[in-house]
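**Q** Here it is, the structure in full.
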Ligand SMILES: [Ca+2]
Ligand SMILES: [Ca+2]
């Protein structure tokens, strides 16, 4: 009688390590990466991951990967009699160690992530912020469960940056990705010359992302908010786009960053990185009423983020202010100003609230030589403009629906913009007749301001060449020289 075949033994630790190593070797192969990248580009349509006939089910992708490892590597059948060799294990582990600086991108490519997911991937696998090493086992141990439990790119991104059950991404979660863009994008090499410049870039971009994506104002970006936004597309575009300013939307734009920071610095006279209500009052030549400035500093629009230190505002809150002030067509801007004007927080702008702001606006208009319209007339015009569903009660929904929230807000707290609206007929956004309709109000403002900054710098350069001024004694971190970038 023939002896019975012993049942197949389970994978032993040394074999599991071998499988993991081969899995990574297969994923790291340049040919495999090319094929995976080509497949990923087709993910927008009917997607394929590893096999062109297979749908992009993460579990199927892993299964196919396992099969693909076995074929080229020709793994010998396991021999249960072979005991694990500690020296071999040590050698195998050494092979799978990767230098943080040189191999981070390889890890990212092996996991088929967009290029600028590499820093969050490295950190989530246990790498340090200053570099260090992570093993292939770390990467596989991190990425396998993410693939199996997160079924789209937004879910994987949120899990990678925020960890499981983190309730959304905080600005600190997003910062490593932006920091890595600042550190390694070829179009931002000049950012590496000055740490303050790089730090402000990270703050500005992170807050711009939150401004556009965190529609709930919770201070944490949910997976659903990522899914509804264009942020991941903007991150993917950075890989092929030598000028981050051309990525759409323009979260990473260097010219936009320059405009925001230069506006902030113009108000921060003592250079301590904070501005108070008196500083902000000087913005736009004092066009915004002091009552509205007080409301901004009251916490009405800064509650979900770190409150202003001792009644002061940092760059992060200033980003929200400037974006809201210069483009009142966005939903976040409408919510920003509505929160400020809704003094009692009941969700309705009532006549006493409108009157409170218009009192000072009328004085500011008179100071500019204009005759302020009577409050009753202005209110009637505002109601005609907004067409509230409930007569006499203007809600946030009414303002979003009417599409003219900017005109409404400017009538009550921005004297210069109100006069600008008054000079135009019919009512509509403030823009030149030949303006590109695909650009937002913010894009137009930033382009004009950046041109102004470049012109100012050219004048300074001319003056220096003529010898009328001494050269600067130290490099200015906010030198807006921009020989390598197109304006926008
Ligand atoms: Ca200051
Ligand atoms: Ca109210």
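FYI, it's all coordinate maths here, none of it is from the lab. Model, not experiment: these values are computed from the prediction. Cβ sites come from the backbone with ideal geometry, for glycine too, and all protein chains shown count toward neighbours.
**Q** Once Rh for the stretch 268-430 is found with the Kirkwood sum over Cα pairs, what is the Stokes-Einstein diffusion coefficient at 37 °C and 0.692 mPa s, in µm²/s?
**A** On the way: Rh = 16.2 Å.
Estimated diffusion coefficient is 203 µm²/s.
**Q** Separate question: What is the spin-label model distance, in nm, from residue 183 to residue 149 if the labels are put 7 Å beyond Cα along the C-beta direction?
**A** 2.7
**Q** Arranged from highest to lowest average of other beta-carbon atoms within 10 Å per residue, in what order do the peptides 232-240, 119-127, 370-378 appear? Walk me through the intermediate numbers first.
**A** Details: 232-240: 16.9, 119-127: 21.8, 370-378: 13.6.
Ranking, from highest mean packing down: 119-127, 232-240, 370-378.
**Q** Give me the percent relative contact order of the stretch 268-430, please, defined on Cα pairs under 8 angstrom at least 6 residues apart.
**A** Numbers: 178 pairs, mean separation 37.3, N = 163.
For the stretch 268-430, the relative contact order is 23 percent.
**Q** Another question about this same structure. Between residue 195 and residue 270, what's the calculated FRET efficiency when r is the beta-carbon distance and R0 is 22 Å? Round to 0.05.
**A** Numbers: r = 20 Å, r/R0 = 0.91.
The value I calculate is 0.65.
**Q** Relative to the present Cα-Cα distance, how much length would full extension add between residue 438 and residue 216 at 0.36 nm per residue of separation? Kindly include the intermediate steps, with their values, before the conclusion.
**A** Details: separation 222, 0.36 × 222 = 79.92 nm, distance 2.61 nm.
Computed gain between residue 438 and residue 216 is 77.3 nm.
**Q** Between residue 363 and residue 422, what is the spin-label point distance in nm, taking each point 7 Å from the Cα along the Cα→C-beta axis?
**A** Taking the simple label geometry, residue 363 and residue 422 are separated by 1.8 nm.
**Q** I would also like to ask the following. By how many nm would the segment from residue 460 to residue 377 grow when fully extended, if each residue of separation counts as 0.36 nm and the alpha-carbon distance is taken off?
**A** On the way: separation 83, 0.36 × 83 = 29.88 nm, distance 4.83 nm.
Stretched fully, the residue 460-residue 377 segment lengthens by 25.0 nm.
**Q** Arranged by the count of other C-beta atoms within 10 angstrom, fewest first, what order do 384, 441, 200, 451 take? Mind showing how you got there, number by number?
**A** Working: 384 10, 441 18, 200 22, 451 13.
Ordered by Cβ neighbours within 10 Å, fewest first: 384, 451, 441, 200.
**Q** If R₀ is 30 angstrom, what is the calculated FRET efficiency for the pair residue 355 and residue 227, using the beta carbon separation as r and rounding to 0.05? The partial results should precede the final answer.
**A** Working: r = 42 Å, r/R0 = 1.41.
In this case the efficiency is close to 0.10.
**Q** Right, another one. Using Cβ contacts closer than 10 Å as the measure, can you line up 172, 241 from fewest to most?
**A** On the way: 172 10, 241 16.
Ordered from fewest to most neighbouring Cβ atoms within 10 Å, 172, 241 come out as 172, 241.
**Q** If R0 is 22 Å, what FRET efficiency do you get for residue 370 and residue 285 from their C-beta distance, rounded to 0.05?
**A** Working from the Cβ atoms, E equals 0.90.
**Q** Within 10 Å, count the other beta carbons around each residue, average over each peptide in 314-322, 340-348, and list them highest first. Intermediate values should be presented prior to the final figure.
**A** On the way: 314-322: 20.9, 340-348: 14.9.
Top to bottom by mean Cβ count within 10 Å: 314-322, 340-348.
**Q** Hey, can you rank 252-258, 201-207 by average C-beta count inside 10 Å, highest first?
**A** Details: 252-258: 25.6, 201-207: 23.7.
So the peptides 252-258, 201-207, ranked by packing, come out 252-258, 201-207.
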